[in-house]
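Undergrad: Below you'll find the structure I mean.
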Amino acid sequence: MPYANADGVKLYYEEQGEGIPVVFVHEFAGDHRSWEPQMRYFARRYRCVAYNARGYPPSDVPADVEAYSQAIATDDIAAVMRHLDIQKAHVVGLSMGSFAALHFGLRYPEMAHSLVVAGGGYGALPVNHDRFQEEARLMADKIEQEGMQTVTQAYAVGSGRVSFKEKDPRGWQEFADQLAEHSTQGSALTMRGYQARRPAFTEVEDGLRKMTVPTLVIAGDEDEPGLEPSIYLKRNIPSAALLVMPKTGHAMNLEEPARFNDALQDFFSTVECGRWRSRELPDEAGTILKSG
């Protein structure tokens, strides 16, 4: 099996295609297999890489909770790219992976052609940040006590997954089956070490407002916890655009793969031909006429 070394932690990856690199970073409830509709589509034109985060076998599962954090998850993207001698890539993240992709743009802008921040922002605004952290710690306890097979029965039918299950029962069942296979230890440590301690968007707002990496923020309109944070990113990243996918939940890349792939292809193409523009962030929100 192919592995990248991230400070002594082995990260499993799969690679397909040739061309400009695209690196896919999965959500908490996913793994490299979650990106299969994108790997098959984009590998026709791009060099595609999907990897399993630490804590997700066959990647290593470090036993120390301090081996899991926002900064480490961000550095792991860079480690995979360096292992594969990738100087620069489009970095596509979903949910937990979108946080890593966003922070990658803050810390490694020279390594990013672009960023896709999809289904991101759960608990990332001050109004619900503390509550999200507490819920993440409780979820980590629940995973340890009951195991992933049991927890999956509730997690896979959360409010952001309902539309996926209704539209595509077969695809949803595959997602749920894969989730149930995840490491109980790795999932609990990821929830406690990474999810429960990741910073709010406001803690990195200065960096966001200076970021120039082309960024596409995508939200599903039926993924309620991600809507306001996605708007926040649009308002605070000069190089960001916001796409809201109608009648779509959290895992939009699986729920609506054709729409998702089309949006990414258009975004990548616009960036690659130098036509993606940044804008001056407004000093005042909600005004029609520019003062002065």
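Each value in this text was obtained by applying a stated rule to the coordinates, not by laboratory testing. Predicted model only: the values in this text are computed from it and were never measured. Using ideal geometry, Cβ is built from the backbone for each residue, glycine included, and neighbour counts are taken over all protein chains shown.
Undergrad: How big is the dipole moment of the range 211-267 about its Cα centre under a simple scheme where the beta carbon of each Lys and Arg is +1, that of each Asp and Glu is -1, and everything else is neutral? Debye, nearest 20, please.
TA: Result for the range 211-267 is approximately 260 debye, rounded to the nearest 20.
Undergrad: Right, next: What number, in nm² with one decimal, is the all-direction average of the projected area of the convex hull of the alpha-carbon atoms of the range 150-243?
TA: The orientation-averaged projected area of the Cα hull of the range 150-243 comes to 7.4 nm².
Undergrad: So, in the range 147-250, how many Lys pairs have Cα atoms under 22 Å apart, if the pair is 8 or more places apart or on different chains?
TA: 4
Undergrad: Let me ask something else about it. Any chance you could get the radius of gyration and Dmax over the Cα atoms of the range 41-160, in Å?
TA: 16.0, 45
Undergrad: Something else: Once the mean 1/r over all distinct Cα pairs of the chain is inverted, what Kirkwood radius in angstroms do you read off?
TA: Final number for the Kirkwood radius of the chain is 19.1 Å.
Undergrad: Using modelled amide H (1.01 Å from N, peptide plane; none on Pro or chain starts), what sits under 5 Å from the amide H of V61, excluding residues fewer than 5 places away?
TA: The answer is G55.
Undergrad: Computed over the Cα atoms, what is the radius of gyration of the range 195-289 divided by 2.2 N^0.38 Å, N being its residue count?
TA: For the range 195-289, the normalised Cα radius of gyration is 1.17.
Undergrad: Using a 10 angstrom cutoff on alpha carbons, build the Gaussian network for the chain and name the most mobile of G123, G17, G226.
TA: G17
Undergrad: Rounded to the nearest whole Å³, what is the per residue volume of the convex hull around the Cα atoms of the range 3-76?
TA: 86
Undergrad: Just round it to a whole percent: the fraction of Cα-Cα distances in the range 129-178 exceeding 15 Å.
TA: I get 53 percent for the Cα pairs in the range 129-178 exceeding 15 Å.
Undergrad: Still on this structure, please answer the following. Could you give me D for the range 93-187, from Stokes-Einstein at 4 °C and 1.567 mPa s, where the hydrodynamic radius is the Kirkwood radius over C-alpha pairs? Units µm² s⁻¹, please.
TA: 85
Undergrad: May I ask you to list the aspartates and glutamates whose Cα is less than 16 Å away from that of K88, ignoring any residue fewer than eight positions away on the same chain?
TA: Reachable aspartates and glutamates: E15, E18, D75, D76, E110, E272.
Undergrad: With unit charges on the beta carbon (Lys/Arg positive, Asp/Glu negative), name the residue among T270, T190, A241 whose Cα is farthest towards the positive pole of the charge dipole of the range 134-292.
TA: The residue sitting farthest along the positive end of the dipole is T270.
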